[in-house]
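No lab work stands behind these numbers, since they all come straight from the coordinates. A quick note: this is a predicted structure, and the numbers were derived from the prediction, not measured. Cβ coordinates were reconstructed from backbone atoms using ideal geometry, including for glycine residues, and neighbour counts include every protein chain displayed.
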Amino acid sequence: MCCGNPTLEFYRADTLLLSLGFHHAQSLRWPDGKWKGDGLLTKGSASFLVKWFTAHGIRGPQEQVEESLRLQKKAEASQKKWLSTMPSSLKPFWGTMGDPMGTSKTAEMQLALSKQFPDEKERILALLKWFGSGEGPWSGFPSYETVAEELLLLHETGAIIGAIRERKLTEQQVEGAARLFGGWDFYKQRPNEIDLVPEKLKQQFLEHSLKCKNEDKKERARHAFEAKRGAGAGK
């Protein structure tokens, strides 16, 4: 979708022969050139070019490298947090959870959960805690987080409400419940069942969600819990 930055232009006298974009400090892109795809650089070659550009006063590639490392560390911390609250019975399935289509094992996961938590209420609470331990956004999050939501949606809305009504929930469980009832999948699959959620719980979910800094999340919470949702909800 882009040519990369910066661009190396090669000339013979005054004639431009080709332009190579340094794409995300990892590869070379030749727009309209003879290569089929990008030329992926070895770590040594990419590092050499980054240092070469920096030495010539062009810090863009070095900043991209630093940002990439920052995002990698953030993702690793988020994944560690996610794994720490995952029900132990589901950890053998972790290898499939990074794949958006990996939830084909949902039935097997539900069976494993049922053995660990024979009581449905305890099973729901464990899943809510897990679902409330993601990166934070309700949209644009790692694909593996959808597994917890899909397992929660195997339970009837009344059963989920019954598990949390009149119970002191942890912050993670409140987040998980708000995220579930305020999410696109719940709205799409059960468009009228948001009305089953007691007003007291809606208010709790709204107050909890409005404390965050994510504007998209706050808007989704208002849309779900302040008034009846309309057809304009978006994922």
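For helix 60-85, report the angle its Cα long axis makes with the longest principal axis of the Cα atoms of the chain; keep it between 0 and 90° and round to the nearest 10°.
It works out to around 20 degrees.
Give me the angle, in degrees from 0 to 90, between the Cα long axis of helix 120-131 and the longest principal axis of the Cα atoms of the chain, rounded to the nearest 10.
Rounded to the nearest ten degrees, it is 20.
Provide TRP52, TRP30 in ascending order of the number of other Cβ atoms located within 10 Å of each residue's Cβ, fewest first.
TRP52, TRP30
Find, among the trypsin sites (Lys or Arg not before Pro) in the range 1-40, those assigned to loop by DSSP (not H, G, I, E, B) with at most 15 other beta-carbon atoms within 10 angstrom.
LYS34, LYS36
Using a 10 Å cut-off around each Cβ, can you sort ILE160, ILE194 from fewest to most neighbouring Cβ atoms?
So the ranking, lowest neighbour count to highest, is ILE194, ILE160.
Which entries of LYS36/LYS218; LYS73/LYS211; LYS80/LYS218; LYS80/LYS168 show an alpha-carbon separation above 32 angstrom in the structure shown?
Long pairs (Cα-Cα over 32 Å): LYS36/LYS218.
So between THR54 and TRP94, what do we pick up on full extension, going 0.36 nm a residue minus the alpha carbon distance? Don't skip to the answer; put the middle values down first.
Working: separation 40, 0.36 × 40 = 14.40 nm, distance 4.04 nm.
Additional length available on full extension: 10.4 nm.
Mind ordering 179-186, 66-73 by average Cβ neighbours within 10 Å, highest first? Show your work: numbers first, answer last.
Working: 179-186: 21.4, 66-73: 10.9.
Output ranking for 179-186, 66-73: 179-186, 66-73.
Enter the per residue convex hull volume of the chain, computed from alpha-carbon coordinates, in Å³ rounded to the nearest integer.
Working: hull volume 41.8 nm³, N = 235.
In the chain, the Cα convex hull volume per residue is 178 Å³.
Relative to a virtual label point 7 Å from the Cα of ALA13 in the Cα→beta-carbon direction, which members of the range 24-39 show backbone nitrogen distances below 13 Å?
none
Please report the orientation-averaged projected area of the range 1-85, defined via the convex hull of its C-alpha atoms, in nm².
Its average projected convex-hull area is 7.6 nm².
Once both axes come from the Cα atoms, what is the angle between helix 43-55 and the longest principal axis of the chain, in degrees from 0 to 90, rounded to 10?
Between helix and principal axis, roughly 70 degrees.
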